[in-house]
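Asker: After the structure tokens below, expect a handful of questions from me.
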């Protein structure tokens, strides 16, 4: 499984709107066949920081995800909410 950690820093005035939009994107993403998990985490001591934990079943699944209507809508909606560019880290699950 490919796991992508997406680190996002949101403008303080956009936290609630970002959280709602991202939870909806996660809900839709979990219905994709190639998505094993899609979690939205908000940092406890700095609520402007989020981590998206995206688990994909195949190496091709992230590209399929990024072509979906819900992802494209989310991407465009949250772009102006970002305090800085989001950062993605790709990881391999070595625990299995």
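The values are calculated or read from the model by the stated rules, or taken from the named source; none is laboratory data. Please read all numbers here as calculations on a predicted model, not as lab measurements. Please note: Cβ atoms are built from the backbone with ideal geometry, for glycine as well, and neighbour counts cover all protein chains shown.
Quick grid of which residues meet (1) part of a strand (DSSP E or B); (2) surrounded by fewer than 16 Cβ atoms within 10 Å (Cβ to Cβ); (3) modelled with pLDDT of 95 or more; (4) touching a strand residue (DSSP E or B) at 6+ places or on another chain (Cβ under 9 Å):
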residue	(1), (2), (3), (4)
36	yes, no, yes, yes
39	yes, yes, yes, yes
63	no, yes, yes, no
67	no, yes, yes, no
74	no, no, yes, no
88	yes, yes, yes, yes
95	no, yes, no, no
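Asker: May I ask you to say which residue of 4, 35 is free of Cβ contacts under 8 Å to residues at least 60 places away in the same chain, more than 17 Å from residue 84 (Cα to Cα) and in contact with a helix residue (DSSP H, G or I) (Cβ under 7 Å, 6 or more places away or on another chain)?
Answerer: That would be 35, the only listed residue that is free of Cβ contacts under 8 Å to residues at least 60 places away in the same chain, more than 17 Å from residue 84 (Cα to Cα) and in contact with a helix residue (DSSP H, G or I) (Cβ under 7 Å, 6 or more places away or on another chain).
Asker: Does residue 32 satisfy the condition of being surrounded by 11 or more Cβ atoms within 10 Å (Cβ to Cβ) and either at pLDDT 95 or above or part of a helix (DSSP H, G or I) (or both)? Steps first, please.
Answerer: Numbers: surrounded by 11 or more Cβ atoms within 10 Å (Cβ to Cβ): yes; either at pLDDT 95 or above or part of a helix (DSSP H, G or I) (or both): yes.
Yes; evaluated as a whole, the condition is true for this residue.
Asker: Would you tally the residues in the stretch 42-61 being in a strand (DSSP E or B) and either touching a residue at least 60 places away in the same chain (Cβ under 8 Å) or within 23 Å of residue 20 (Cβ to Cβ) (or both)?
Answerer: Selection size over the stretch 42-61: 8.
Asker: Moving on. So, of the residues in the stretch 76-86 that are in contact with a helix residue (DSSP H, G or I) (Cβ under 9 Å, 6 or more places away or on another chain) and part of a helix (DSSP H, G or I), which turns out to be farthest from residue 11 (Cα to Cα)?
Answerer: Among those residues, the one meeting the criterion is 77.
Asker: Also, I was wondering about something else. In the stretch 19-29, what count of residues is obtained for those that are free of Cβ contacts under 8 Å to residues at least 40 places away in the same chain and surrounded by 14 or more Cβ atoms within 10 Å (Cβ to Cβ)?
Answerer: Number of matching residues: 2.
Asker: With respect to the numbered conditions (1) surrounded by 15 or more Cβ atoms within 10 Å (Cβ to Cβ); (2) in a helix (DSSP H, G or I), which one is the sole condition not fulfilled by residue 16?
Answerer: Tallying (1) surrounded by 15 or more Cβ atoms within 10 Å (Cβ to Cβ); (2) in a helix (DSSP H, G or I), residue 16 fails exactly one: (1).
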